[in-house]
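The values are calculated or read from the model by the stated rules, or taken from the named source; none is laboratory data. All values reported here derive from a predicted model rather than from experimental measurement. Reconstructed Cβ throughout: ideal geometry from the backbone, glycine too, with neighbour counts over all protein chains shown. Surface areas here come from the heavy atoms of the whole protein model, side chains and all, with no ligands, DNA or RNA. Shrake-Rupley method; radii C 1.70, N 1.55, O 1.52, S 1.80 Å.
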Amino acid sequence: MKNSFPLSQKYKDFINTVENVDAEFLEGTTASGKTTVGAGIKFMRMVSRSNKKLHIIASKTTGTAEKNIIQQDNGILDIHKGKASYYGNGDKDNKLPHIKFEGKIIYILGYDNKDKWELVLGAQFGCVYIDEINTANIDFVREISTRNEYLLATLNPDNPDLPVYKEFINRSRPYEKYKDDIPEEILSELREEPVSKWRYWFFTFKDNLSLTPEMIEKKIRSAPSGTKLYKNKILGLRGKATGLIFPNFNRKKHVVSATELKQKILVGKLKFKKFSAALDTSYSSKSPDTIAMIFQGITEDRKLMILSENVYSNKDLNYPLAPSDTVVKFISFLETNRKEWGYAKEVFIDCADQATITELRKYKRLNGCLYNFIDSYKKVEILDRIKLMLGWIQQDCYLVVDNCIEHLKELGIWSWEEEKDEPEDKNNHTIDASCYGWIPYKHFIGFEEGKKK
């Protein structure tokens, strides 16, 4: 095997991990070498080790596979010169495009063409490589995942709400040795029920030893800092292809630890002026919309802090929640946060959900409770809410506790519509809840121009 591609220690460890691994998912920045090392070296090594004759490389189209995986410099034919032969139009024995390697057949499939990939899915395969699995037809991924001994997949940053993340990628786990290389945003999402032999790897520019410092600097300069392109390509963070609504939200600056906040409260360095809580609801079992609970506080130095969240989706529950169920869970949420943070006397509920509001007021009438349940005030239009939040984020006056995972995810993916000058109507349920809670107190948050401390 030819190998003119220098390998970092992490890539060497990745290549040499051949025992007790059934699936591996490779994510990271642009130009990190994932495809070259993943397809050209690791995948071919696993094919060589396999006792199966049939294997698969899948990309968006067969043409994409040829250009990016098979025929490019340091592609499969280059690395395995003299050992691997490509038959782009098939041959007399195999009509589909394929590679012959060490007496084995590697079919080349385009997952955009269901008619083509369905032709081969009656068989069992040894190794399967899926290029950019996050853009693949999810039916193809589900089908092929049960028909192989070893799966290797690369992915580029994309909308983390896609089903491929929940069903496959986020069920893998990193090796402890390289866990600290993974951005906190992504590590926090690797929380679905794990599969013991599924591994996750995150690669960056520094893992591609063929890049000089000058080449890396040129790539970094090509994407303006704070843009969606920069987050995806340079930082390797997940997010949608459309424009982010809050591109100025920076986890390093705007995410805080609950433990540190409580310590500051104890020593008198942090005081809250007002606590607020809110509820946004959706009871659909057919959509990913959620029932979102938010608890937040406004400090004496005019900062809004998102302190706690609870999120439920009827789509994921065997026994969907009804408004009466939500009441019990919401009261428990409020009580937990009262004891942990403080008392939010006024609680704001999505005014479009009169059923839940009626149930909450009924609960108070029959049982008595500390909270006043108030219809949300929606006369502050959505674009004005966004403008206020953008300003508070810019002033470092909008902070989120690190265990508010869903809220952090929404801040990182809520986007503008591609063909309309308006925000998409999804990925914003905890954000909506937060807005219901701060709208009545917005004059306590942020600094007027020229008065920033």
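Computed quantities for the displayed model
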{"item": "Which numbered condition residue 72 fails, given (1) modelled with pLDDT under 95; (2) over 34 Å from the mean Cα position of the chain (by Cα)", "result": "(2)"}
{"item": "Extreme residue, most open to solvent (accessible area, probe 1.4 Å), among residues of the stretch 250-278 that are in a helix (DSSP H, G or I) and among the hydrophobic types (A, V, I, L, M, F, W, C)", "result": "266"}
{"item": "Residue ID - modelled with the lowest pLDDT, chosen from residues in the stretch 415-453 that are surrounded by fewer than 22 Cβ atoms within 10 Å (Cβ to Cβ) and of a type in the set (Phe, Trp, Tyr)", "result": "416"}
{"item": "Where a residue in the stretch 316-331 is over 14 Å from residue 292 (Cβ atoms) and its partner, wherever it lies, is among the hydrophobic types (A, V, I, L, M, F, W, C), with Cβ under 8 Å and at least six apart", "result": "323/355; 327/360; 331/369"}
{"item": "Selection from the stretch 372-381 of residues that are surrounded by 14 or more Cβ atoms within 10 Å (Cβ to Cβ) and either in contact with an Asp or Glu (Cβ under 8 Å, 6 or more places away or on another chain) or modelled with pLDDT under 90 (or both)", "result": "374, 376, 378"}
{"item": "Filter pass, residue 123 being more than 27 Å from residue 250 (Cβ to Cβ), open to solvent by 10 Å² or more (accessible area, probe 1.4 Å), touching a Leu at 6+ places or on another chain (Cβ under 9 Å) and among the small types (Gly, Ala, Ser)", "result": "yes"}
{"item": "Strands (runs of 3 or more DSSP E) (entirely within the stretch 279-397) containing at least 2 residues that are within 27 Å of the chain's Cα centre (by Cα)", "result": "291-299, 304-312"}
{"item": "Scan of the stretch 319-339 for residues that are basic (Lys, Arg) and either surrounded by 13 or more Cβ atoms within 10 Å (Cβ to Cβ) or over 18 Å from residue 403 (Cβ atoms) (or both), ordered by number", "result": "329, 338"}
{"item": "Residues of the stretch 69-89 satisfying the condition of being over 20 Å from residue 154 (Cβ atoms), part of a loop (DSSP other than H, G, I, E, B) and either among the aromatic types (Phe, Trp, Tyr) or open to solvent by less than 50 Å² (accessible area, probe 1.4 Å) (or both)", "result": "88"}
{"item": "Check on residue 437, outside any loop (DSSP other than H, G, I, E, B) and either under 16 Å from residue 291 (Cβ atoms) or acidic (Asp, Glu) (or both)", "result": "yes"}
{"item": "Residue match in the stretch 286-293 (condition: farther than 27 Å from residue 388 by Cα, small (Gly, Ala, Ser) and open to solvent by less than 30 Å² (accessible area, probe 1.4 Å))", "result": "yes"}
{"item": "Restricting the stretch 142-156 to residues that are open to solvent by less than 10 Å² (accessible area, probe 1.4 Å) and modelled with pLDDT under 95, the residue that is nearest to residue 91 (Cα to Cα)", "result": "144"}
{"item": "Every pair of residues 6+ apart whose Cβ atoms lie under 6 Å, when the first sits in the stretch 355-369 and is within 15 Å of residue 323 (Cβ to Cβ) while the second is of a type in the set (S, T, N, Q)", "result": "356/281; 356/326; 359/324"}
{"item": "Total residues in the stretch 15-33, condition outside any loop (DSSP other than H, G, I, E, B) and modelled with pLDDT of 95 or more", "result": "7"}
{"item": "Residue satisfying all of: in the stretch 184-205; out of contact with any helix residue (DSSP H, G or I) (no Cβ under 8 Å at 6 or more places or on another chain) and of a type outside the set (A, V, I, L, M); nearest to residue 316 (Cα to Cα) among these", "result": "196"}
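The rows are residues; the columns are (1) within 16 Å of the chain's Cα centre (by Cα); (2) farther than 30 Å from residue 419 by Cβ; (3) among the acidic types (Asp, Glu); (4) modelled with pLDDT under 85.
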position	(1), (2), (3), (4)
166	yes, no, no, no
192	yes, yes, yes, no
204	no, yes, no, no
211	no, yes, no, no
231	yes, no, no, yes
237	yes, no, no, yes
